1. Report, for A:Arg112, each distance to the same residue's label point in the other copies, shortest first and in nm; define the point 7 Å along Cα→Cβ.
2. Using only the alpha-carbon atoms, what does region B:69-177 span along each of its principal axes? Please give whole angstrom values in decreasing order.
3. Take chain B, connect every pair of alpha-carbon atoms lying under 10 Å apart with a spring to form a Gaussian network, then pick out the residue of B:Arg67, B:Arg82, B:Arg195 with the largest mean-square fluctuation.
4. For chain B, take the alpha-carbon Rg, divide it by the Kirkwood Rh, and send me Rg/Rh.
5. How far is helix B:127-144 tilted off the main Cα axis of chain B, in degrees rounded to 10, range 0 to 90?
6. Please determine, in degrees from 0 to 90 and to the nearest 10, the orientation of helix B:13-24 with respect to the longest principal axis defined by the Cα atoms of chain B, where the helix direction is its Cα long axis.
7. What are the ³J(HN,Hα) couplings of region A:190-207, residue after residue, when phi is run through the Karplus curve with 6.51, -1.76, 1.60 and θ = phi - 60°? Round to Hz, x for glycine and proline.
8. Using only Cα atoms, find the angle between the long axis of helix A:179-189 and the longest principal axis of chain A, and express it within 0 to 90 degrees, rounded to the nearest 10.
Protein chains: 2
Amino acid sequence: MTKTAQTPKGSGDRVSSSLAQAIHEHRLAPGTKLGEDEVAEIYNVSRTIVRSAFQSLAHIKLIDIKRNHGAYVAQPSLREAREVFEARELLEPRTARSAAALATQEDADSLRRHIDEEHKALNAGDSGRALYLSGSFHIEIARIANQRTIAEFVKTLIARSSLIIALYWRRESALCESTAHHALVDAIANNDAERAEELMRSHLVDLHSALDLREKPMPIRTLREALAGE
Amino acid sequence: MTKTAQTPKGSGDRVSSSLAQAIHEHRLAPGTKLGEDEVAEIYNVSRTIVRSAFQSLAHIKLIDIKRNHGAYVAQPSLREAREVFEARELLEPRTARSAAALATQEDADSLRRHIDEEHKALNAGDSGRALYLSGSFHIEIARIANQRTIAEFVKTLIARSSLIIALYWRRESALCESTAHHALVDAIANNDAERAEELMRSHLVDLHSALDLREKPMPIRTLREALAGE
DNA sequence: GCACACTTTATTGTATACAATTGCTTTTAT
DNA sequence: ATAAAAGCAATTGTATACAATAAAGTGTGC
């Protein structure tokens, strides 16, 4: 009755999450074409499953399905990038506040474990995985806030953020400075809602400003795309 | 190039939107089982299409797909209902503010047309359609706000609101009082962002309080369900 | 008569086969 | 030689066939 296994575990979920994680960790670059047969062969499933997975990924905007043309890892536009971060700045501070108000010792420990993992990945030179874990840190906060609906939104926003970072990150700026995450955990552990909210807000603003959302209107991949227009 | 036809128009979208509208208009009650063959026959398509449509509807929580059991029109729990309205109260006032800041004459006209349609449906006794239009009024505001990402969230929240209203509406309270919508349009037409935000907030609070979110933990449909537990 | 086990049936999950659309290559005519 | 058009190859969209799972109905034993 009190089982946490709320997951029905669909079958195509395996390929779906695997692809999602690959995108998250920047192993699949924006614009990469995902052929159905190709993916089907890799995972040893039929195209039926792959299509189902693609549909899920398309819904959270991780890939673009162009009818009769195929699925491509999404390339969020500048506008989309701005919108995603504006949405995050609207939702997540509130989420952090609720999380701080509700957090138990166990929750705080869970967050600290996340940060540790992040450190380890970073020290191991696996910046892709570090980025992924950095995202799941935010998702964990939303989970603690006990607002599943908003948490779901945050989840998709963070997934898209990963693509945005892949496209628009200014490499000169430090992105994964975990000081912000540390401070956030402390505030949450102390049930300091006000401070958690403010820390999250400033953290997101920092993240937002570490992106270059001015120029580079479209990362061109092929000549064809350059001439076809968006 | 400047085409607004952003819609790829998938094929199963027809059945998906048709089902969505039926749920929206309360022609399909929460808990109703949707058999794949049954739906496939109705729309003269294969189960492949139906499954694809079901997946879309499940993603926006309009239906629940229980593995190996089938698809059912969702029955939002009390908790879910609260969460949905809390999310709306977080997102929509901000959306209304942006909409008011950006609205053109054309936008205002569009909103007024929506209200007119709503009135007509109500006078024609088609309360289901009136409810549907009432929802699309909110979506239209999100569209005007020019925040597609948030608009998408609002869209799903409103779809779920329709189910919530079906389950928890206190019939004694007036729901579709369009005075609120009228005032909102006026504020938006006058580009009064502050007022639009506040009107939206109070409108949502009114809506929220027109629901009975205290008792009635589970609307029982069959004896079996009553005994099986959630 | 009741309970338990087995069989049967209906429904969903997955794979494959077929149809349609797209982009590319080749051919042909100017 | 170039450009247009027709055919070709490849990929996606859809339908159908098969497999697996779960529910329900049936029969037997106590």
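1. Counterpart label points of A:Arg112 in the remaining copies fall at 6.2 nm.
2. Per principal axis, max minus min of the Cα coordinates gives 47, 34, 29 Å.
3. Comparing B:Arg67, B:Arg82, B:Arg195 in the GNM, the peak value goes to B:Arg67.
4. Numbers: Rg = 18.4 Å, Rh = 18.7 Å.
Over the Cα atoms of chain B, Rg/Rh equals 0.98.
5. 50 degrees
6. That works out to roughly 80 degrees.
7. Running phi through 6.51 cos²θ - 1.76 cosθ + 1.60 with θ = phi - 60° gives 8, 6, 8, 4, 4, 5, 4, 4, 5, 4, 5, 4, 5, 4, 5, 4, 4, 4 Hz.
8. That works out to roughly 50 degrees.
The values are calculated or read from the model by the stated rules, or taken from the named source; none is laboratory data. This structure is a prediction, so every number in the text was calculated from the model and none was measured. Neighbour counts are summed over all protein chains in view; Cβ atoms, including those assigned to glycine, are modelled from backbone coordinates with ideal geometry. Note: areas computed on protein heavy atoms with side chains; ligands, DNA, RNA excluded. Shrake-Rupley method; radii C 1.70, N 1.55, O 1.52, S 1.80 Å.
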